[in-house]
Amino acid sequence: MQTTITRQQLLAQMQTSRYFTIQELVCSHVYQRFGNQSWQFIHTHLLHTLFQVRQGINKPIHINNWARGGSFSQRGLRCNLCQLASTKSANKQLYLSSHCLGAGVDFDVKGMSAPQVRSWIKQHQHLLPHPIRLESDVNWVHLDVYDMLNGKMINYFKG
Ligand SMILES: [Zn+2]
């Protein structure tokens, strides 16, 4: 699929579609500081991929739910204050999760299991504008846009 959409057009498309709120895509630390400007932190390839998957699968996709009182706050962008990142730093461990670069998300699709979603994505990989990675064998869907530079549209990894 030929894609020449600009980042500006993608942001407009994401915001007008209302497929995702920015609170779903970032942690509460970031949203409290940057509000709607937090869109700036989401990688262009991730914006495009999420739009394509959401439009193609045509069911609600849920990322974070902290803004609605839920317990998920680290499924989108993770800042240095987020527990998963701060623990790594405290332990002097390297942490280059795609979540920290606005390049990855964890999500669920309404009415589908994680394996069903992963196989849907595989069957519809022609919709993908950029190579992605999917985490194998987890009961949520982790999708990121780290490019393994091997020519494959989907690479699988174990977390
Ligand atoms: Zn945070």
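Since every read-out is calculated from the coordinates, none of them should be taken as a lab result. The model shown is predicted, which means the values in this text are computed figures rather than measured ones. Don't worry about glycine lacking a Cβ; one is built from the backbone with ideal geometry, like all the others, and counts go over all protein chains shown.
Numbers at a glance
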read-out: Top-ranked residue of segment 43-68 - restricted to ones that are part of a helix (DSSP H, G or I) and either of a type in the set (A, V, I, L, M) or within 16 Å of the ligand (Cβ to nearest atom) (or both), ranked as farthest from LEU96 (Cα to Cα); value: ILE57
read-out: Strands (runs of 3 or more DSSP E) within segment 69-159 that include 1 or more residues within 13 Å of the chain's Cα centre (by Cα) and surrounded by 19 or more Cβ atoms within 10 Å (Cβ to Cβ); value: 104-109, 132-135, 141-144
read-out: Failed condition for SER136, given (1) under 22 Å from PHE41 (Cβ atoms); (2) out of contact with any Cys (no Cβ under 6 Å at 6 or more places or on another chain); value: (1)
read-out: Test: GLY35 is of a type outside the set (D, E, K, R), within 16 Å of the ligand (Cβ to nearest atom), over 12 Å from the mean Cα position of the chain (by Cα) and assigned to a helix (DSSP H, G or I); value: yes
read-out: Some residue of segment 41-55 being under 19 Å from CYS82 (Cα atoms) and either basic (Lys, Arg) or surrounded by fewer than 19 Cβ atoms within 10 Å (Cβ to Cβ) (or both); value: yes
read-out: Residue that is outside any helix (DSSP H, G or I), more than 16 Å from the ligand (Cβ to nearest atom) and surrounded by fewer than 21 Cβ atoms within 10 Å (Cβ to Cβ), where the choices are THR16, THR4; value: THR4
read-out: Tabulated pairs, segment 47-68, first free of Cβ contacts under 8 Å to residues at least 60 places away in the same chain and within 14 Å of ILE22 (Cβ to Cβ), second part of a helix (DSSP H, G or I) and of a type in the set (D, E, K, R), C-beta under 7 angstrom, 6+ apart or interchain; value: ILE63/GLU24; ASN64/GLU24
read-out: Identity of the residue in segment 19-32, within 16 Å of the ligand (Cβ to nearest atom) and not in a helix (DSSP H, G or I), that ends up surrounded by the fewest Cβ atoms within 10 Å (Cβ to Cβ); value: CYS27
